[in-house]
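Visitor: Please read through the structure below; I'll follow up with questions.
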Amino acid sequence: MKTCAALKKELRQEIRRRKQLISSEEKAHLSRELCRQITQLPQWQKARTVLLYHALDDEVSTRDLLEGWAGKKTLLLPVVDGEDLLLKPYSAAVGMTRNRWDILEPSAAEAFTDYQAIDLALIPGMAFDRAGHRLGRGKGYYDRLLPRLSCPTIGLCFPFQKLEKIPVEPWDIPVQRVL
């Protein structure tokens, strides 16, 4: 019988294979549509402080939200700091640098530590299941961040990333909704 870690590794490989089958244009179209749906949600409309992420090429892009809402809401982006994610405010004026995984991160801003002030968190994932369980990339960054959040959490994925069931470990925390 395979371990949970082995099953997750196989699922990641399958999702990577599926991602290669979708064009950049289709990813961009689906990302724009998801961003439009997000802005229609009451949680988004009421939120003052939102945790987003700067997407990798194979993830749902949040660029429309970053560009369209900077200055209108406090937008936070995760920054890799050792084994954890720091949160830093995003604005058009803040410089961005690429980390070792080629993810853009705010470089100049100080860390945001008032987790209770976050009104909504949009979370990336390799895959999500019907219960909101998330398959990450295997480093555990969001597994360590999610317990700090008390706000609504929404996982973002392309349709082929929504699975019936994902194997879970005791430390895996589901998101409350998946779009």
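The values are calculated or read from the model by the stated rules, or taken from the named source; none is laboratory data. Note that the structure is predicted; figures quoted are calculated from it, not measured. Please note: Cβ atoms are built from the backbone with ideal geometry, for glycine as well, and neighbour counts cover all protein chains shown.
Visitor: Somewhere in the range 53-65, is a residue assigned to a loop (DSSP other than H, G, I, E, B), farther than 21 Å from V175 by Cβ and at pLDDT below 95?
Guide: Filtering the range 53-65 for residues assigned to a loop (DSSP other than H, G, I, E, B) gives 53-62.
If we keep only those that are farther than 21 Å from V175 by Cβ too, we end up with 57.
So of that shortlist, the ones also at pLDDT below 95 come out as 57.
Yes.
Visitor: If you don't mind, there's one more thing I want to ask. Would the range 65-85 turn up any residue that is more than 23 Å from R144 (Cα to Cα) and among the basic types (K, R)?
Guide: yes
Visitor: If you go through the range 95-144 one residue at a time, how many are at pLDDT 95 or above and polar (S, T, N, Q)?
Guide: Adding up the residues that qualify gives 1.
Visitor: Looking at the range 120-153 only, could you name the residues that are aliphatic (A, V, I, L, M) and surrounded by fewer than 21 Cβ atoms within 10 Å (Cβ to Cβ)?
Guide: Across the range 120-153, the qualifying residues are A131, L145, L146, L149.
Visitor: Please determine whether any residue of the range 54-62 is farther than 25 Å from L135 by Cβ and crowded, with 20+ Cβ neighbours inside 10 Å. Full working, then the answer.
Guide: First, the residues of the range 54-62 that are farther than 25 Å from L135 by Cβ: none.
No: zero hits.
Visitor: For the subset of the range 80-94 comprising residues that are at pLDDT 90 or above and of a type in the set (A, V, I, L, M, F, W, C), which member is surrounded by the fewest Cβ atoms within 10 Å (Cβ to Cβ)?
Guide: Residue satisfying both the conditions and the ranking: L86.
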